Amino acid sequence: MGSKYKIGYYYEQKVKKILEKDGYDAWRTPGSHSAIDIIAINKEGKVRLIQVKKNKKDIDINNINYIDLYELYHLAEKYKDSNNVDIELWIFSNNKLKKYNKEDLLKLKNVISPR
């Protein structure tokens with residue numbers, strides 16, 4: 001498909017379209033260099049902050065870059081008591097989509113602890 005940027009763009013657009021089909025307004029955050037690639041909000045005020053990953057290998061949450069997990073974990077921790085904000089990680093690998101939510105990310109406490 002080409003450069004990492006083009007691949008990332010393709011999958012971020014794919015996620016954006018999925019969310020829009022589900023009734024969300026969704027925006028990409030290109031060039032933000034943050035843990036969030038997609039911001040989505042629905043009419044009920046539900047906010048979804050999503051990191052999108054693509055890999056040819058069969059990967060899951062345990063194979064993600066430590067810095068990305070650290071940032072996602074701390075966002076999940078910050079919004080753990082907020083019912084209308086979810087922090088998510090969507091991983092495309094081996095033609096499958098794996099989704100992880102705020103509760104999944106909070107389970108990484110032992111992995112994220114200071115090294």
Given pairs 4/99; 4/109; 17/56; 16/43 and cut-off 24 Å on Cα-Cα distance, the over-length ones are 4/109
Which of (1) 45; (2) 41; (3) 76 gives percent of Cα pairs over 19 Å apart as computed here? It is (1)
With label points set 7 Å from each Cα along the Cα-to-Cβ direction at residue 96 and residue 27, the distance between them in nm comes to 3.4 nm
Within the chain, the percent of DSSP beta bridges that are antiparallel, given to the nearest 5, stands at 60 percent
Partner aspartates and glutamates whose C-alpha sits under 17 Å from that of residue 14, ignoring same-chain residues fewer than 8 away, are 22, 25, 37, 88
If the chain between residue 67 and residue 5 were fully extended at 0.36 nm per residue, the gain over the current Cα-Cα distance would be 20.4 nm
Under a Gaussian network model of the chain whose springs join Cα atoms within less than 10 Å, the largest fluctuation of 36, 18, 87 belongs to 18
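For the chain, what is the charge dipole size about the Cα centre, in debye to the nearest 20, if Lys and Arg each add +1 at the Cβ and Asp and Glu each add -1 at the Cβ? Working shown, then result.
Values: 23 positive and 16 negative charges, 89 e Å.
Rounded to the nearest 20 debye, it is 420 debye.
We did not get these values from a lab; they are worked out from the coordinates using the rules stated. All values derive from a computational prediction rather than experimental measurement. Using ideal geometry, Cβ is built from the backbone for each residue, glycine included, and neighbour counts are taken over all protein chains shown.
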